[in-house]
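The values are calculated or read from the model by the stated rules, or taken from the named source; none is laboratory data. Given the structure is predicted, the values throughout are model-derived calculations rather than measurements. Here Cβ is always computed from backbone atoms with ideal geometry, including for glycine, and neighbour counts include all displayed protein chains. Areas reflect the complete protein model, heavy atoms only, side chains present, ligands, DNA and RNA absent. Shrake-Rupley method; radii C 1.70, N 1.55, O 1.52, S 1.80 Å.
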Amino acid sequence: MKLHEYQAKQLFADYGIPVPSNGVARSVKEVFECARKLGGDAWVIKAQVHAGGRGKAGGVKIVSGGQELAAEARRLLGSRLVTKQTDADGLPINTLLVEPTLDIKRELYLSMLVDRAQERVVIVASAAGGMDIEEVAASTPDKIVTLAIDPAAGLQGYQCRQLAFSLALERAQFTSFSQLLQNLYRLYEEQDASLVEINPLVVNGEGKLVALDAKVVIDDNALYRHDDLAAWRDTSQEDEAECKAQQFDLNYITLGGDIACMVNGAGLAMATMDLIKLNGGEPANFLDVGGGTTAERVAEAFKLILSDSKVKSILVNIFGGIVRCNLIAEGIISAVKEVGIELPVVVRLEGTNAEQGRALLQKSGLNIVALDSFPDAAKAAVEMAAEV
């Protein structure tokens, strides 16, 4: 689960990580109130969306005076921000973060994430932080420093000093940098984060380190331990169908194709999408209904599929193990009747009572094609989509 910048900075402040003074606004009036409390005559207003690249897309602006402040607030609030990390529709801007301008001497990059190859939390840092960090990583990877943390020993003092040297910090900054790193690691561990990122971590005019930006992603599998963080979820920043799927324990991801997939098992779902591509089609979604498939979940899965207007055919690929194929077939028939599906549906059943399941589908009188071959089913779904 992604946090907004203002939420991440609240966490940072709770853990003693220095952040700029700030205010959160959801209207032009509140923007002015934030600016008044912060003081000064110049501010930075930041669109709060779950995507990077906001600065280059016009979502972060430095403004001077009340007139410019109001104009930028009106421009951003209620609009949608399109960045390199969003689709063409962008994401809605409902909230703005208001901060005072800072005297910035240096911009650094700092993050923590899991390196699955090393089975460690790693720190990624660079002395070349800022908006062009992706370009730095692509063109000059030697400027990126990585350091793995032993889970038994935790983050060690010598590692903090090693990173401080790598970032060419001044000796006077070593202690504050080490404390910041330790606090960031403690946040990462205690809040079950999968990513924390500060870009940029700035050195201000007084030589102090300040987290000018903040990004935190919480592991969804650990949210049951963090009711306070779960309450921060902003569903307006997420795909509507994907949010709906979570209510029924369905693993659903919207894609851009026109052949919908409904599969039990993530590995089989990936193979199904691969075979659709192999036959010249494009999958409309990833949808894993899980091992304990029920008629209700199948019906909800069909509703999710049909919420995508681009879908032209549906491929159901089920391997019946714990749940028998005849029961799955009954669930599919019930769901098709309930939802009123008019699109062609191709069903491939394999496993326990597969023959019985296919017989039930063939006798249903519905627009369902039951096949026992995985390649044949994928090919049929692609061909049917082309005919719609």
**Request:** Can you work out which of the residues in the stretch 296-345 that are among the polar types (S, T, N, Q) and touching a strand residue (DSSP E or B) at 6+ places or on another chain (Cβ under 6 Å) is nearest to A370 (Cα to Cα)?
**Result:** N317
**Test set (1) out of contact with any helix residue (DSSP H, G or I) (no Cβ under 9 Å at 6 or more places or on another chain); (2) in a loop (DSSP other than H, G, I, E, B); (3) over 30 Å from G256 (Cα atoms) - D87 fails condition number** = (3)
**Request:** Please list, ordered by first then second residue, the pairs with beta carbon atoms under 8 Å, 6 or more apart or interchain, first in the stretch 98-115 and in contact (Cβ under 8 Å) with a residue 60 or more places away in the chain, second open to solvent by 70 Å² or more (accessible area, probe 1.4 Å) and part of a strand (DSSP E or B).
**Result:** T101/I62; V114/R120
**Request:** Determine if the stretch 356-374 includes at least one residue that is more than 20 Å from M273 (Cα to Cα) and within 34 Å of the chain's Cα centre (by Cα).
**Result:** no
**Request:** Please find, among A153, A168, the residue that is without any contact (Cβ under 8 Å) to a residue 24 or more places away in the chain and of a type in the set (G, A, S).
**Result:** A153
**Request:** Report yes if some residue within the stretch 327-345 is over 18 Å from L287 (Cβ atoms), in contact with a Cys (Cβ under 7 Å, 6 or more places away or on another chain) and of a type in the set (A, V, I, L, M); otherwise report no.
**Result:** no
**Asked** Under the condition of being acidic (D, E) and within 18 Å of K215 (Cα to Cα), which residue from the stretch 116-136 is most open to solvent (accessible area, probe 1.4 Å)?
**Response** E134
**Complete:** Checked the stretch 10-25 for anything over 23 Å from the mean Cα position of the chain (by Cα) and in a helix (DSSP H, G or I); matches are A13, D14
**Complete:** Residue set G78, G55; condition assigned to a loop (DSSP other than H, G, I, E, B) and touching a residue at least 40 places away in the same chain (Cβ under 8 Å); output residue G55
**Item:** A230 surrounded by 15 or more Cβ atoms within 10 Å (Cβ to Cβ), of a type in the set (G, A, S) and closer than 30 Å to Q48 by Cβ
**Value:** no
**Message:** If a residue must be at pLDDT 95 or above and open to solvent by 70 Å² or more (accessible area, probe 1.4 Å), how many such residues does the stretch 83-93 contain?
**Reply:** 0
**Request:** Go through (1) touching a strand residue (DSSP E or B) at 6+ places or on another chain (Cβ under 9 Å); (2) not in a strand (DSSP E or B); (3) not aromatic (F, W, Y) and name the single condition N94 misses.
**Result:** (1)
**Prompt:** Given the structure, is V369 open to solvent by 10 Å² or more (accessible area, probe 1.4 Å) and either at pLDDT 85 or above or in contact with a Lys or Arg (Cβ under 9 Å, 6 or more places away or on another chain) (or both)?
**Reply:** yes
**Message:** Against the definition (in contact with a Gly (Cβ under 7 Å, 6 or more places away or on another chain), surrounded by fewer than 22 Cβ atoms within 10 Å (Cβ to Cβ) and over 22 Å from K2 (Cα atoms)), how does E282 come out, yes or no?
**Reply:** yes
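Table: residues versus (1) touching a residue at least 24 places away in the same chain (Cβ under 8 Å); (2) under 18 Å from I318 (Cα atoms); (3) assigned to a helix (DSSP H, G or I); (4) of a type outside the set (S, T, Y).
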residue	(1), (2), (3), (4)
E338	yes, no, yes, yes
E342	yes, no, no, yes
Q356	yes, yes, yes, yes
L360	yes, yes, yes, yes
L366	yes, no, no, yes
A381	yes, yes, yes, yes
M384	yes, no, yes, yes
